[in-house]
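**Q** My questions will all concern the structure given below.
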Amino acid sequence: VQLQASGGGLVQAGGSLRLSCAASGRTFGSYARAWFRQAPGKEREFVAAVIWSGGTHYAESVKGRFTISRDNAKNTVYLQMNSLRPEDTAVYYCADTYSGYEVAGVWGQGTLVTVSS
């Protein structure tokens, strides 16, 4: 399965961006499709996931600000990011995951989000 993230860019604090994750399919045996991010000098961290059987899950740091959704017809998952903060600056990646949000398969190419203060 090939995953491609897009939609990143430069935005001022308080602004919004919508990221897209286009996929060629779904990883066999996966539980969800998730967004992760990696800020400079930090480890990659979980951001949000949409569960194939229904439901979503968010990291505490983005709850109430970010919304994950999916378009099954387009095989695309979106991440709507509102009220962006400088600490949201990172490269954002999407990936299929197992139930513990361990990555299933390979990472897609990331997209850079930069939030200026």
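Taken together, the values in this text are just the output of simple stated rules run on the coordinates, not laboratory data. Bear in mind the structure is a predicted one, so any value in this text is a computation, not a measurement.
**Q** If you plug each phi of the range 11-16 into the Karplus form 6.51 cos²θ - 1.76 cosθ + 1.60 with θ = phi - 60°, what whole-Hz ³J(HN,Hα) values come out, in order, with x for Gly and Pro?
**A** 9, 7, 4, x, x, 10
**Q** I'm checking a number: the convex hull volume of the Cα atoms of the range 44-88, normalised per residue, in Å³. What is it?
**A** Hull volume normalised by residue count: 88 Å³.
**Q** So what's the gap between the Cα centers of the range 16-45 and the range 79-117, to the nearest angstrom?
**A** 5 Å
**Q** Have a look at the DSSP beta bridges in the chain and tell me what percent are antiparallel, nearest 5.
**A** 90 percent
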